[in-house]
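Novice: Can you keep this structure in mind? I'll have questions shortly.
The values are calculated or read from the model by the stated rules, or taken from the named source; none is laboratory data. Owing to the predicted nature of the structure, the values given are computational and were not obtained by experimental measurement. Here Cβ is always computed from backbone atoms with ideal geometry, including for glycine, and neighbour counts include all displayed protein chains.
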Amino acid sequence: MKLGEIKIAVLAMIFPEEIFEADYDNEDSLRELIFNLRQNPNYSDMLANMPLIINRCFSSLLQKSILPTKEHEIDSKNATKMGDRLKINVESKMSKIERIAFYNDKRYEPRVSYVRQSTDTILLPDWHGTFVIVYANPVNRISPLTGDNYEIDLPDDICELIPYFVKSELLRSEDPDEASVTRNIYEQLIEEIVSDRTDCQLSVENTYQIDLT
């Protein structure tokens, strides 16, 4: 989704009686609509506050563990021995590690216990093989100068959660009851996504479980 689409979605939720029309596939149309809305005192302050709130939402989504994940493999030969542990350097983009797996010719462990020693180092068991770090990338922050045609680097189903967070923050002082209801919807939608992923994982694990005894 485009940044401008999220902004319009927020305004449409707060002002359901208003109609905000734009051709989202036409960059000029979306840019012109939001430019005109900024001239309206009913919307200008809200639009000005949205970039900071959207960034807070990005942080929330990262902590909720629903962002898309990536994998990075590290051979134990490239680790440094530290007592009975292996010390591995991790990149800054791996600030949110979801889990670490391990495999070699004889075993596979889907989850390995580890200790985060510092921002860029972790301690792992002294095993010989390959560690797979599954992590979520932080979302690139926006600024008040970010163009409204900027594409948010997230799947649409996650982008659709952002207006609920933003609306709840914008109405925190003006209408705390409505803000609370909207934030609850945001949290419930996240729980549904997490639940769906957990059910899917359990289903796959059970379906393909093989008894070798």
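Novice: Within the range 151-171, does at least one residue satisfy the condition of being without any contact (Cβ under 8 Å) to a residue 12 or more places away in the chain and either outside any strand (DSSP E or B) or of a type in the set (Ser, Thr, Tyr) (or both)?
Specialist: No, there is no match, as no residue in the range 151-171 is without any contact (Cβ under 8 Å) to a residue 12 or more places away in the chain and either outside any strand (DSSP E or B) or of a type in the set (Ser, Thr, Tyr) (or both).
Novice: Continuing with the same structure: Could you list, in sequence order, the residues of the range 137-194 that are more than 20 Å from the chain's Cα centre (by Cα) and exposed (fewer than 12 other Cβ atoms within 10 Å of the Cβ)?
Specialist: Passing the criteria: PRO144, LEU145, SER173, GLU174, PRO176, ASP177.
Novice: Name the residue, out of LEU202, LEU212, that is part of a helix (DSSP H, G or I) and modelled with pLDDT under 95.
Specialist: LEU202
Novice: Only one of these conditions is not met by LEU37: (1) within 19 Å of GLU160 (Cβ to Cβ); (2) part of a helix (DSSP H, G or I). Which number is it?
Specialist: (1)
Novice: What number of residues within the range 172-186 are touching a helix residue (DSSP H, G or I) at 6+ places or on another chain (Cβ under 9 Å) and part of a helix (DSSP H, G or I)?
Specialist: 9
Novice: Across the range 118-150, what is the number of residues that are of a type in the set (Ser, Thr, Tyr) and in a loop (DSSP other than H, G, I, E, B)?
Specialist: 4
Per-residue answers, yes or no, for (1) of a type in the set (Phe, Trp, Tyr); (2) within 24 Å of LEU62 (Cβ to Cβ); (3) not in a loop (DSSP other than H, G, I, E, B):
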{"position": "LYS81", "(1), (2), (3)": "no, no, yes"}
{"position": "LEU86", "(1), (2), (3)": "no, no, yes"}
{"position": "ARG99", "(1), (2), (3)": "no, yes, yes"}
{"position": "LYS106", "(1), (2), (3)": "no, no, no"}
{"position": "ARG116", "(1), (2), (3)": "no, yes, yes"}
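Novice: Give the residue, chosen from ASP25, ASP45, that is assigned to a helix (DSSP H, G or I) and either assigned by TED's automatic domain parsing to the domain that holds GLU151 or within 23 Å of the chain's Cα centre (by Cα) (or both).
Specialist: Of the residues listed, the single one that is assigned to a helix (DSSP H, G or I) and either assigned by TED's automatic domain parsing to the domain that holds GLU151 or within 23 Å of the chain's Cα centre (by Cα) (or both) is ASP45.
Novice: So how many residues does the range 121-145 have that are among the charged types (D, E, K, R), over 14 Å from TYR103 (Cα atoms) and without any contact (Cβ under 8 Å) to a residue 60 or more places away in the chain?
Specialist: Here the count works out to 0.
Residues checked against (1) under 22 Å from SER65 (Cβ atoms); (2) in the same structural domain as ALA48 (by TED's automatic domain parsing); (3) basic (Lys, Arg):
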residue	(1), (2), (3)
ALA101	yes, no, no
GLN117	yes, no, no
SER143	no, yes, no
THR146	no, yes, no
GLU151	no, yes, no
ILE162	yes, yes, no
PHE165	yes, yes, no
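Novice: Among what's in the range 88-97 and is hydrophobic (A, V, I, L, M, F, W, C) and not in a loop (DSSP other than H, G, I, E, B), pick the residue that is farthest from LEU124 (Cα to Cα).
Specialist: Top of the filtered list is MET94.
Novice: For the condition over 23 Å from ASN149 (Cβ atoms) and among the aromatic types (Phe, Trp, Tyr), what is the one hit in PHE102, PHE15?
Specialist: None of the other options fit; the residue is PHE102.
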